[in-house]
Amino acid sequence: MKWDEFFVTGEPMIYAAMVSIVVVSLAIPIALTYFKKWNWLWTNWLTTVDHKKIGVMYILAALLMLFRGGVDALLMRAQTAVPDNGLLDGQHYNEIFTTHGVIMILFMAMPFIIGLMNVVIPLQIGARDVAFPRLNAVSFWLFFAGAMLFNISFVIGGSPDAGWSAYFPLASIEFSPTVGNNYYAIALQIAGIGTLLTGINFLVTILKMRAPGMTLMKMPMFTWSVLITNVIIVFAFPVLTVALALMTLDRQFGTQFFAMQSGGMDMLWANLFWVWGHPEVYIVVLPAFGIYSEIIATFARKNLYGYKSMVVSMVAISLLSFVVWAHHFYTMGHGVMVNSVFSITTMAIAVPTGVKIFNWLFTLRKGKISFTTPMLYSLAFIPIFTIGGVTGVMLAMASADYQYHNTMFLVAHFHYVLIPGTVFAVIAGFHFWFPKVFGFRLNEKLGKLAFWFIIVSFNVTFFPLFILGLNGMTRRMYTYSASTGYGALNMLSMVGAVGLAIGFIILVYNIYWSVRYSPRDTNGDPWDGRSLEWSTHSPVPEYNFAVIPQVNRLDAYWFAKKEGKPLADTVYEPIHMPNNSGLPVIMGALFFFWGFFMVFSWWIPAILSFAVIIALMAYRSFEKDHGHYISVEEIERTENAYRGEQHEN
Amino acid sequence: MKIDHTVPMEYSTEENKMKILGFWIFLGAEIALFSTLFAVYFTLQSNTKVGPSATDLFHLSPVMIETILLLTSSFTIGLGIHAMRLGLKKPMMTFFGITLLLGAGFLGVEVYEFVTYISEGATIQTSGFLSALFTLLGTHGLHVTFGLLWGGAIVAQVAKRGFTPETSNKAFIFSLYWHFLDVVWIFIFSFVYLKGLMG
């Protein structure tokens with residue numbers, strides 16, 4: 001590593017980014033000191049083990065990353081908007097589409113989903129926290145360390161430039177000699193370990209901590225989707241761990257896993273990557289299905305149609321998700337037999353997915369539908385996702401795929417599944433559960449304005465890409481000549497991208513507006529909800545439920561409201577809660593430094609920081625921490641305060 | 001904290017039960033991890049290029065010693081857990097101590113093996129086969145190394161605090177981990193070494 005290569009130089013946009021990073025990283029501590037908020041930040045957020053706060057931090061980080069990835073997207077659209085554009089050079093364009101993909105999938109979609117899981121799951125199953133609250137904090141800080149490490153690659157050392165799938169030999173040290181792909185391997189490794197821990201944590205939470213009477217088949221659909229998702233996480237993420245470790249070994253330790261000349265195999269990377277990568281798609285889409293199921297049932301005022309078939313189809317999707325990975329590289333020559341098998345398994349996924357689509361439609365049938373913002377996203381999801389699904393079946397046909405492979409048609413397809421499938425879902429879930437966490441709803445008018453901007457602009461952005469793809473425009477192409485005739489549709493797509501950006505800005509403005517002006521909720525159940533999270537106060541007290549509710553059927557809270565019978569009596573007992581801890585955030589910081597040193601192959605500092613990590617783990621092992629109890633008097637005080645507020649209003 | 005005296009102490013609280021289930025799920029993830037490493041090894045095992053092949057490299061005796069050491073350690077940790085359930089602190093600590101010593105012995109032979117391979121010109125950088133071999137064995141070896149540190153911490157805690165729901169839970173979970181490493185080794189012994197020796 002030469003020192004003049006340490007900082008990325010020579011690009012005005014990069015200098016601007018450096019200046020803004022320096023300004024922000026100076027502004028935050030100065031503001032914290034000026035407003036005397038250090039202590040508040042440390043005790044309320046950095047050391048928290050409360051699942052609700054951890055969820056909020058995940059979602060905040062995801063929103064930040066949404067804008068980082070969104071700026072990448074805008075730059076790409078701007079670059080390709082006109083033929084022979086010189087806004088970005090080829091290298092810069094490569095870096096931008098790589099970071100856009102990685103950030104949107106791993107540092108936006110994943111944390112947004114995990115954030116919603118954190119906020120909702122314990123409430124929905126009637127629990128007071130997750131199974132391992134401190135491990136949960138560790139998961140968050142590992143994710144955050146990975147995300148920050150990935151982001152500084154932009155200005156220090158250079159970003160990865162081999163695509164989000166980082167295929168070998170392109171990603172090897174020979175063809176990608178900068179530290180960019182080291183960042184990729186290490187940052188994803190750190191965040192991935194965090195995700196694996198989340199998977200274990202939520203599996204145990206859902207299996208062991210449900211309210212009395214809530215059997216598996218009485219769980220809300222979102223809880224079911226999260227349970228299945230976490231099974232996928234536990235079995236898919238170790239494959240990523242291995243793949244990334246082998247990448248690090250090949251790039252930094254001279255091993256021969258993916259180098260053909262010494263007995264390695266470049267296709268081994270593609271296989272390992274997609275054995276994780278395809279289940280990953282379902283990790284972000286299954287919870288989304290759960291969110292839609294909750295929202296559609298709530299706002300159609302009906303119970304979810306086909307509950308059992310919903311569960312069975314999600315299990316089927318989770319199993320099939322592990323046997324379709326080779327459809328990502330039909331054209332790489334693994335023969336007719338293999339292609340046929342993977343074609344069939346891929347098309348088979350359309351069956352359980354179709355079952356779910358029809359279940360939602362039948363839930364809507366004869367329902368008293370109220371068109372709230374979360375419901376609008378859910379309704380828009382169904383047709384748009386179906387376009388994505390149908391084009392997916394087109395791509396699934398191996399022989400036809402030779403025509404579509406690596407064209408903009410594919411790009412349009414996966415944006416048509418991932419954006420309605422995941423992004424609309426997390427936005428819908430965000431609007432839906434926001435009042436539970438903060439005690440007031442987001443403004444509906446602004447919410448709907450943002451919705452229409454996003455929904456129309458989404459189609460304007462991505463539908464032209466289908467046509468461009470069929471016309472032969474390949475993906476990852478940084479420019480093209482006017483004679484290709486791609487110009488007009490690309491310009492249209494650029495217009496859509498600007499519209500999307502405006503939509504997301506309105507969405508964020510809505511948060512600001514609602515914090516200031518939105519009327520506060522009084523009963524904790526603003527949507528007339530069905531599951532347990534609506535049975536407690538908003539914002540949710542630290543202990544979630546003063547008394548754990550008793551459940552006897554699906555949607556028990558809905559029926560309790562109808563019958564006027566409370567789910568829990570009011571005899572309080574002392575509540576055991578976990579203590580806050582500073583170790584998780586320190587652990588995250590140490591992993592960040594370890595990762596940074598690893599990226600630059602600075603072995604001695606890397607070994608030292610790893611030794612400190614091990615020492616902290618040992619410290620944790622010897623630490624005595626049995627949590628604390630909230631006394632009956634304190635619970636009464638809190639509960640009365642909530643009731644008092646209601647009387648005042 | 002409610003303690004249930006009808007079950008062994010390591011299962012006696014809700015928290016303990018959750019920790020054991022969580023660890024079993026973690027072992028599920030570990031199975032996925034080692035399966036991937038085995039898959040990589042099987043894919044690359046015949047790609048020896050200029051370097052030595054498995055038949056050239058492997059010798060039965062050190063591997064046999066490693067196997068006996070590790071399998072015995074799995075037996076002794078079982079005895080340790082048995083002693084713990086009987087409430088016998090000293091025998092438990094003795095058996096755990098023997099387990100860790102056997103683990104250290106295993107590690108010593110493995111290091112000796114690695115040094116021998118490297119002195120014969122077979123390094124992790126030589127060929128696809130050797131990269132996969134060293135990575136698979138190394139990952140297992142690192143797990144054993146971590147186990148020695150972890151097991152040592154648990155023995156120290158039992159010595160200091162005796163058997164509590166917390167320490168017995170930790171000791172039991174550690175024993176699951178140790179047995180798991182043994183299972184992985186059996187696969188390495190059978191499908192890497194024996195298969196390699198047969199050529």
Looking at the range B:44-63, I want the residues that are in contact (Cβ under 8 Å) with a residue 60 or more places away in the chain and have a partner that is in a loop (DSSP other than H, G, I, E, B) and among the hydroxyl-bearing types (Ser, Thr, Tyr) with Cβ atoms under 6 Å, at least 6 apart or on another chain. Which pairs are those? B:Thr48/B:Ser127; B:Lys49/B:Ser127; B:Gly51/B:Thr126; B:Gly51/B:Ser127
Pull up the range A:201-226, narrow it to residues that are within 12 Å of chain B (Cβ to nearest Cβ) and not hydroxyl-bearing (Ser, Thr, Tyr), then point me to the one that is surrounded by the most Cβ atoms within 10 Å (Cβ to Cβ). A:Phe202
Scope the range B:65-91; condition crowded, with 20+ Cβ neighbours inside 10 Å and either of a type in the set (Gly, Ala, Ser) or touching a strand residue (DSSP E or B) at 6+ places or on another chain (Cβ under 7 Å) (or both); matching residues: B:Ser73, B:Ser74, B:Gly80
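Scan the range A:123-170 for residues that are in contact with a strand residue (DSSP E or B) (Cβ under 7 Å, 6 or more places away or on another chain) and within 14 Å of chain B (Cβ to nearest Cβ) and jot them down. Can you show your working first?
So in the range A:123-170, the residues in contact with a strand residue (DSSP E or B) (Cβ under 7 Å, 6 or more places away or on another chain) come out as A:128, A:155-156.
Within the range A:123-170, A:Arg128 is the sole residue that qualifies.
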Given the options A:Phe289, A:Phe329, name the one that is surrounded by 24 or more Cβ atoms within 10 Å (Cβ to Cβ) and more than 12 Å from every other protein chain (Cβ to nearest Cβ). A:Phe289
Considering only the range A:241-259, state which residues are outside any loop (DSSP other than H, G, I, E, B), facing another protein chain (nearest Cβ under 9 Å) and in contact (Cβ under 8 Å) with a residue 24 or more places away in the chain. A:Thr241, A:Val242, A:Ala243, A:Ala245, A:Leu246, A:Asp250
Any idea which residue in the range A:439-460 is surrounded by the fewest Cβ atoms within 10 Å (Cβ to Cβ), counting only those that are in contact with a helix residue (DSSP H, G or I) (Cβ under 8 Å, 6 or more places away or on another chain) and farther than 24 Å from A:Ala501 by Cβ? A:Phe440
Restrict the check to the range A:179-201 and report whether at least one residue is in contact (Cβ under 8 Å) with a residue 60 or more places away in the chain and touching an Asp or Glu at 6+ places or on another chain (Cβ under 6 Å). yes
Close pairs (8 angstrom Cβ cut-off, 6 or more residues apart or separate chains): closer than 18 Å to A:Phe463 by Cβ in the range A:384-405, of a type in the set (D, E, K, R) and part of a helix (DSSP H, G or I) anywhere: A:Leu395/A:Asp401
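Answer yes or no: is there a residue in the range A:533-541 that is closer than 21 Å to A:Phe132 by Cα, more than 14 Å from chain B (Cβ to nearest Cβ) and assigned to a loop (DSSP other than H, G, I, E, B). Break it down stepwise before answering.
If we filter the range A:533-541 for residues that are closer than 21 Å to A:Phe132 by Cα, which is where we start, we get A:533, A:540-541.
Then keep just the ones that are more than 14 Å from chain B (Cβ to nearest Cβ); that gives A:533, A:540-541.
From the residues that got through so far, the ones that are assigned to a loop (DSSP other than H, G, I, E, B) too are A:540-541.
Yes, the range A:533-541 has at least one match.
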Among what's in the range A:260-275 and is at the interface with chain B (Cβ under 10 Å from one of its Cβ atoms) and in contact with a Ser or Thr (Cβ under 8 Å, 6 or more places away or on another chain), pick the residue that is farthest from A:Gly333 (Cα to Cα). A:Ser262
Where a residue in the range B:118-145 is within 11 Å of chain A (Cβ to nearest Cβ) and without any contact (Cβ under 8 Å) to a residue 60 or more places away in the chain and its partner, wherever it lies, is surrounded by fewer than 23 Cβ atoms within 10 Å (Cβ to Cβ) and part of a loop (DSSP other than H, G, I, E, B), with Cβ under 6 Å and at least six apart: B:Gln125/A:Gly254; B:Phe134/B:Ile124
Which number in (1) outside any loop (DSSP other than H, G, I, E, B); (2) in contact with a His (Cβ under 7 Å, 6 or more places away or on another chain) marks the one condition that A:Leu590 misses? (2)
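With out of contact with any strand residue (DSSP E or B) (no Cβ under 9 Å at 6 or more places or on another chain), more than 11 Å from chain B (Cβ to nearest Cβ) and under 30 Å from A:Lys308 (Cβ atoms) as the only criterion, which of A:Ile233, A:Ile190, A:Ile296 stands out? I'd like the intermediate steps shown before the answer.
Values: A:Ile233 fails: more than 11 Å from chain B (Cβ to nearest Cβ); A:Ile190 fails: under 30 Å from A:Lys308 (Cβ atoms).
Exactly one of A:Ile233, A:Ile190, A:Ile296 is out of contact with any strand residue (DSSP E or B) (no Cβ under 9 Å at 6 or more places or on another chain), more than 11 Å from chain B (Cβ to nearest Cβ) and under 30 Å from A:Lys308 (Cβ atoms), namely A:Ile296.
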Pick from the range B:38-64, criterion buried (at least 16 other Cβ atoms within 10 Å of the Cβ), within 25 Å of the chain's Cα centre (by Cα) and outside any helix (DSSP H, G or I), ranking: farthest from the other protein chains (Cβ to nearest Cβ): B:Phe58
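Within the range A:202-225, work out how many residues are without any contact (Cβ under 8 Å) to a residue 60 or more places away in the chain and part of a loop (DSSP other than H, G, I, E, B). Show your work before the answer.
We begin by selecting, within the range A:202-225, every residue without any contact (Cβ under 8 Å) to a residue 60 or more places away in the chain; these are A:203, A:207, A:215-216.
Still in the list and also part of a loop (DSSP other than H, G, I, E, B): A:215.
So the answer is 1.
Which one of A:Leu590, A:Leu567, A:Leu554, A:Leu583 is buried (at least 17 other Cβ atoms within 10 Å of the Cβ), away from chain B (no Cβ under 14 Å) and in contact with a Pro (Cβ under 7 Å, 6 or more places away or on another chain)? Outline the logic, then answer.
Details: A:Leu590 fails: in contact with a Pro (Cβ under 7 Å, 6 or more places away or on another chain); A:Leu554 fails: in contact with a Pro (Cβ under 7 Å, 6 or more places away or on another chain); A:Leu583 fails: in contact with a Pro (Cβ under 7 Å, 6 or more places away or on another chain).
Among A:Leu590, A:Leu567, A:Leu554, A:Leu583, only A:Leu567 is buried (at least 17 other Cβ atoms within 10 Å of the Cβ), away from chain B (no Cβ under 14 Å) and in contact with a Pro (Cβ under 7 Å, 6 or more places away or on another chain).
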Might you let me know whether the range B:16-37 holds any residue that is among the charged types (D, E, K, R), in contact (Cβ under 8 Å) with a residue 24 or more places away in the chain, within 11 Å of chain A (Cβ to nearest Cβ) and not in a helix (DSSP H, G or I)? no
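Which is exposed (fewer than 12 other Cβ atoms within 10 Å of the Cβ) and either in contact with a His (Cβ under 7 Å, 6 or more places away or on another chain) or under 19 Å from A:Glu542 (Cβ atoms) (or both), of A:Asn44, A:Asn39? Walk me through how you get there before you give the answer.
Numbers: A:Asn44 fails: exposed (fewer than 12 other Cβ atoms within 10 Å of the Cβ).
The conditions single out A:Asn39.
Any residue at all in the range A:565-581 that's assigned to a helix (DSSP H, G or I) and closer than 25 Å to A:Tyr543 by Cβ?
Step one: list which residues in the range A:565-581 are assigned to a helix (DSSP H, G or I), which gives none.
No, the range A:565-581 has no match at all.
Computed from the coordinates by the stated procedures, all read-outs in this text should not be read as laboratory data. Worth saying up front: this structure is predicted, and the values here are computed from it rather than measured. Here the Cβ is made from the backbone with ideal geometry for all residues, glycine too, and neighbour counts use every protein chain on show.
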